[in-house]
Amino acid sequence: MQADDDGQDGDGQGRGTAVITRTKPKVKKPSLYRVLLLNDDYTPMEFVVHVLERFFQKDREQATRIMLHVHNHGVGECGIYTYEVAETKVTQVMDFARQNQHPLQCVMEKK
Ligand code: TYC
């Protein structure tokens, strides 16, 4: 920040006002969060593929690749989002899994 400095304690016209100008742009990059699916022994593969298509806008091929990665490695990334979007995805997936009585777990972690 910088203030008026014309030595007149004002706007240069003797009226005693001061203008403060912002020199540092007030912008912050939002924190990003990974949304992850966790493997389990019971959720059907086809259900996981459907979740990835429905909530993460993956096509069948991408969804199948991610599902198999989770199946083989225990955890996998569905996408990277700002906090509120990530939180919404997790809630949607957990609600949908529960409605269908599958133990599928979805979590988020700060990048
Ligand atoms: N392991 C599950 C099975 O063999 C499939 C599965 C994949 C479950 C990914 C959860 O996040 C998951 N039916």
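Derivation of every value follows stated rules applied to the coordinates shown; laboratory data play no part. These numbers come from a predicted model, not from an experiment.
Show the residues, 5+ positions off or on another chain, whose built amide H is closer than 5 Å to the amide H of L32.
Amide H to amide H, under 5 Å and 5 or more residues apart or across chains, L32 pairs with K111.
Out of residues 5 or more away from K58 or on other chains, whose amide H comes under 5 Å of its own, with H placed 1.01 Å from N in the peptide plane?
Residues meeting the amide H criterion: E53.
Within the set K24/K89; K26/K111; K24/K111, which residue pairs have Cα atoms separated by over 32 Å? Numbers along the way, then the final one.
Working: K24/K89 34 Å; K26/K111 23 Å; K24/K111 26 Å.
Over 32 Å Cα-Cα: K24/K89.
Taking only the Cα atoms of the range 36-110, how large is their convex hull per residue, in Å³?
Normalising the Cα hull of the range 36-110 by residue number yields 73 Å³.
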